[in-house]
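The next block holds one structure in the form of C-alpha cells; read it before the comments.
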Amino acid sequence: MNNEITEIKNAGCYVGLTHDLLNLNDVVNRVRSPQAGAIVMFAGTTRDNFGGKPVKELQYSAYNPLALRTMLSICEDIHAKYGLISIAMVHRLGTVPIGEESILIAVSAPHRQAAWRAGEQALEDCKERVEVWKKEEFEGEDGVWRANRDGAAGQKVSEAQSTLDQ
C-alpha cells in the first residue's frame, strides 16, 4: 500500500497531486460557496509543440511532501492577499498526453477582480516555486527535463537531494 501524501487542506485552501485524469468540476466544487460572486478556473493543458518542435507528451514528477507544502504556502498567501473565499490547486503527475490538463487552479472570491488576479498569481507562483519537474517528450528525439517554468531547461532533482534541501 502506498502511504504517500497526495493532498492537504487548510482553512479555505486545498492542494493535491495525482496521477489520475484531472476533473474540472471536482476542483470547482472545492471552492464553490454562496459567499462567492466569482469563481475563476485555470486549466493548463499539454500543447502539441514547444519551441517549434512537435511534443509527443509531457511527464511530471515531484517529491510530494515538499511540493505539497510549497503549494499550500502559495495558496495560503494568495488566499490572504486577495481576500478569497477558497482556492484549490491540483497538479497531475506521470504522463500527460496532448490536450489533457496537467494543472487546475480554481479560486472563489466575493468579486471577480480579486478572483482573476489571484488565479493568475497562483499559476505564476506555482510555476516559479513548486518542486515539480517536467520532461518534454518530442517526436523522434530524447526527452528534455525542465523545471516547471516555461523554457527553463535543467535536470531533475532526486528525492534524496530534495530531502537534503529541506
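The values are calculated or read from the model by the stated rules, or taken from the named source; none is laboratory data. These numbers come from a predicted model, not from an experiment. Cβ atoms come from the backbone with ideal geometry, glycine included; neighbour counts cover every protein chain shown.
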Any residue that is touching a Ser or Thr at 6+ places or on another chain (Cβ under 7 Å) and either at pLDDT 95 or above or at negative phi (or both) - is there at least one of those in the range 138-159?
yes
Could you tell me whether ILE74 is in contact with an Asp or Glu (Cβ under 6 Å, 6 or more places away or on another chain) and either in contact (Cβ under 8 Å) with a residue 40 or more places away in the chain or acidic (Asp, Glu) (or both)?
yes
